[in-house]
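Student: Please read through the structure below; I'll follow up with questions.
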Amino acid sequence: MMLDIYDFYDKMERNNIMLSFKGDITSELLTSILQIMESKLDNLQEEPKIKKKVYNVLVECLQNLYHHMDEVAPEQNDVIRSAIFMIGKIDNQYNIVTGNYIRKENVEGLKKRLEDINLLSKEELKEYYKAVLNNGEMSMKGGGGLGMIDIARKTGEKLNFNFSPVDDKFSFFSLNIKISQ
Amino acid sequence: METISIEGTPKTPTITFDTGKGFLEIKGRSIPENSIEFYKPLVDWLEKYAGKPQAATNVNIQLEYFNTSSSKCILDVFKKLEAINKNGSAVVINWFYEEDDEDMLEAGEDYQAIINVPFKMVQVAE
């Protein structure tokens with residue numbers, strides 16, 4: 001198969017993609033992506049407030065991908081363990097898109113959690129965050145379910161997500177985050 | 001009494017803990033993937049310090065960024081400080097935030113609402 005690279009380029013150009021990555025998500029990779037994005041945000045001379053918001057949300061999105069790599073068993077092939085990430089900026093709005101495989105049995109739980117977060121007002125999100133922070137069990141990796149609440153709180157937007165069935169074992173989970181100025 | 005310190009990295013903060021002066025500072029960024037591992041030594045030092053604290057303990061938290069994984073560990077640190085405060089050392093937590101960084105100010109207020117220790121919100125220039 002020959003990929004039409006111009007078509008690919010054109011789509012990325014039209015969506016003003018600043019950075020994208022597909023593959024295995026490692027700690028070193030995240031360090032590099034964050035460094036690149038930080039210098040890009042500096043070059044764009046974003047207000048410190050926006051820069052911090054974008055950076056913070058980016059950290060949560062990328063670390064979500066990182067922590068959920070392990071959920072897909074290591075014996076799975078590289079394709080299944082792989083994830084995708086893109087960040088772009090159109091008309092003063094940053095868009096972060098992530099995609100990763102998820103085990104079918106975990107879809108309903110995650111879907112419910114995201115839907116519940118989307119029902120909450122700004123004030124309710126603050127209370128929910130504090131409740132999970134204070135009472136929630138901490139997972140071994142330290143995620144503890146705060147990431148999505150934090151993203152919803154910082155962006156002030158509903159979480160826009162989708163699950164596409166892949167096969168009998170996996171679905172593909174995608175998340176589209178908007179950060180407006 | 002000793003001074004304990006951890007040098008900062010692009011993903012982890014600089015930690016200084018002068019047990020003789022009762023001064024603890026966490027400064028920089030706290031965005032490691034595994035924050036439990038990172039904060040474990042600090043939680044242990046606080047545990048030790050709690051046995052023989054100074055009359056007053058001053059804590060400066062000056063973070064540019066922190067992830068949600070760190071937020072639970074920071075809460076654990078504050079819970080240790082809460083216990084130290086209860087056992088006779090007057091603890092004050094100074095929470096620094098940059099002008100216009102409402103998210104950081106709000107994060108400090110979240111902790112203030114949970115932890116029973118006096119907080120001072122300190123605004124600094126960008």
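Student: So if I check each of A:Asn56, A:Asn64, which one is within 18 Å of the chain's Cα centre (by Cα) and at pLDDT 95 or above?
Tutor: Only one candidate passes the filter, namely A:Asn56.
Student: Still on this structure, I have one more. From the set of residues in the stretch B:106-124 that are aliphatic (A, V, I, L, M) and surrounded by 18 or more Cβ atoms within 10 Å (Cβ to Cβ), which is farthest from B:Ala56 (Cα to Cα)?
Tutor: B:Ala107
Student: Right, something else. Can you tell me which residue within the stretch A:2-19, out of those that are outside any helix (DSSP H, G or I) and free of Cβ contacts under 8 Å to residues at least 24 places away in the same chain, is farthest from the chain's Cα centre (by Cα)?
Tutor: To start, the set of residues in the stretch A:2-19 that are outside any helix (DSSP H, G or I) comprises A:2-4, A:15-19.
Going one step further and asking which of them are free of Cβ contacts under 8 Å to residues at least 24 places away in the same chain, we end up with A:2-4.
Working: A:Met2: 29, A:Leu3: 26, A:Asp4: 27 Å.
Filtering first and then ranking leaves A:Met2.
Student: On to the next question. Can you tell me how many residues within the stretch A:148-160 are touching a helix residue (DSSP H, G or I) at 6+ places or on another chain (Cβ under 6 Å) and outside any helix (DSSP H, G or I)?
Tutor: So the count comes out to 2.
Student: If we keep just the residues of the stretch A:127-142 that are modelled with pLDDT under 55 and buried (at least 16 other Cβ atoms within 10 Å of the Cβ), which is nearest to the other protein chains (Cβ to nearest Cβ)?
Tutor: A:Gly142
Student: Something else about it: What is the number of the single condition among (1) outside any strand (DSSP E or B); (2) more than 10 Å from chain A (Cβ to nearest Cβ) that B:Asn94 does not meet?
Tutor: Going through (1) outside any strand (DSSP E or B); (2) more than 10 Å from chain A (Cβ to nearest Cβ) one by one, B:Asn94 breaks only (1).
Student: Next up: Could you check how many residues of the stretch A:16-28 are within 12 Å of chain B (Cβ to nearest Cβ) and either in contact with a strand residue (DSSP E or B) (Cβ under 7 Å, 6 or more places away or on another chain) or of a type in the set (Lys, Arg) (or both)?
Tutor: Of the residues in that region, 1 qualify.
Student: Going by the structure shown, is B:Pro32 open to solvent by less than 60 Å² (accessible area, probe 1.4 Å), assigned to a loop (DSSP other than H, G, I, E, B) and within 12 Å of chain A (Cβ to nearest Cβ)?
Tutor: It is true that B:Pro32 is open to solvent by less than 60 Å² (accessible area, probe 1.4 Å), assigned to a loop (DSSP other than H, G, I, E, B) and within 12 Å of chain A (Cβ to nearest Cβ).
Student: Looking only at the stretch B:46-58, decide whether some residue is over 28 Å from B:Glu126 (Cα atoms), open to solvent by less than 20 Å² (accessible area, probe 1.4 Å), of a type in the set (A, V, I, L, M) and in a helix (DSSP H, G or I).
Tutor: There is at least one residue in the stretch B:46-58 that is over 28 Å from B:Glu126 (Cα atoms), open to solvent by less than 20 Å² (accessible area, probe 1.4 Å), of a type in the set (A, V, I, L, M) and in a helix (DSSP H, G or I).
Student: Please specify each residue of the stretch A:37-61 satisfying the condition of being in a helix (DSSP H, G or I), charged (D, E, K, R), open to solvent by 40 Å² or more (accessible area, probe 1.4 Å) and within 12 Å of another protein chain (Cβ to nearest Cβ). Break it down into steps so the answer makes sense when it comes.
Tutor: We begin by selecting, within the stretch A:37-61, every residue in a helix (DSSP H, G or I); these are A:37-43, A:48-61.
Retained after the next criterion (residues that are charged (D, E, K, R)): A:38, A:40, A:42, A:49, A:51-53, A:60.
Subsequent filtering for residues that are open to solvent by 40 Å² or more (accessible area, probe 1.4 Å) retains A:40, A:42, A:49.
Once the filter is applied, which keeps residues that are in a helix (DSSP H, G or I), charged (D, E, K, R), open to solvent by 40 Å² or more (accessible area, probe 1.4 Å) and within 12 Å of another protein chain (Cβ to nearest Cβ), the stretch A:37-61 yields only A:Lys49.
Student: What residue, among those in the stretch B:102-126 that are assigned to a loop (DSSP other than H, G, I, E, B) and farther than 16 Å from A:Lys49 by Cα, is nearest to the other protein chains (Cβ to nearest Cβ)?
Tutor: Residues of the stretch B:102-126 assigned to a loop (DSSP other than H, G, I, E, B): B:115-118, B:125-126.
Applying the additional criterion that residues be farther than 16 Å from A:Lys49 by Cα yields B:115-118.
Numbers: B:Ile115: 9, B:Asn116: 12, B:Val117: 14, B:Pro118: 19 Å.
Residue satisfying both the conditions and the ranking: B:Ile115.
Student: Also, I was wondering about something else. Somewhere in the stretch B:80-91, is a residue closer than 23 Å to A:Cys61 by Cα and open to solvent by 60 Å² or more (accessible area, probe 1.4 Å)?
Tutor: Looking for residues that are closer than 23 Å to A:Cys61 by Cα and open to solvent by 60 Å² or more (accessible area, probe 1.4 Å), one finds none in the stretch B:80-91, hence no.
Student: Can you name every residue in the stretch A:3-36 that is of a type in the set (S, T, N, Q), open to solvent by less than 70 Å² (accessible area, probe 1.4 Å) and under 24 Å from B:Asn34 (Cβ atoms)?
Tutor: A:Thr26, A:Ser27, A:Thr31, A:Ser32
Student: Please enumerate the residues belonging to the stretch B:36-45 that are within 14 Å of chain A (Cβ to nearest Cβ) and crowded, with 17+ Cβ neighbours inside 10 Å.
Tutor: Listed by number, the residues that qualify are B:Ile36, B:Phe38, B:Tyr39.
Student: Which condition does B:Ser69 not pass, out of (1) assigned to a helix (DSSP H, G or I); (2) under 11 Å from the mean Cα position of the chain (by Cα); (3) surrounded by 19 or more Cβ atoms within 10 Å (Cβ to Cβ), if it passes all the others?
Tutor: (2)
Student: Now a separate question. Of the conditions (1) modelled with pLDDT of 90 or more; (2) outside any helix (DSSP H, G or I); (3) not β-branched (Val, Ile, Thr), A:Gly145 satisfies every one except a single condition; which number is it?
Tutor: (1)
The values are calculated or read from the model by the stated rules, or taken from the named source; none is laboratory data. Just so you know, these numbers come straight off a predicted model, no measurement behind them. Positions of Cβ are generated from backbone atoms using ideal geometry, with glycine treated the same way; all protein chains shown enter the neighbour counts. In case anyone asks, the SASA skips ligands and DNA or RNA and just uses the protein heavy atoms, side chains included. Shrake-Rupley method; radii C 1.70, N 1.55, O 1.52, S 1.80 Å.
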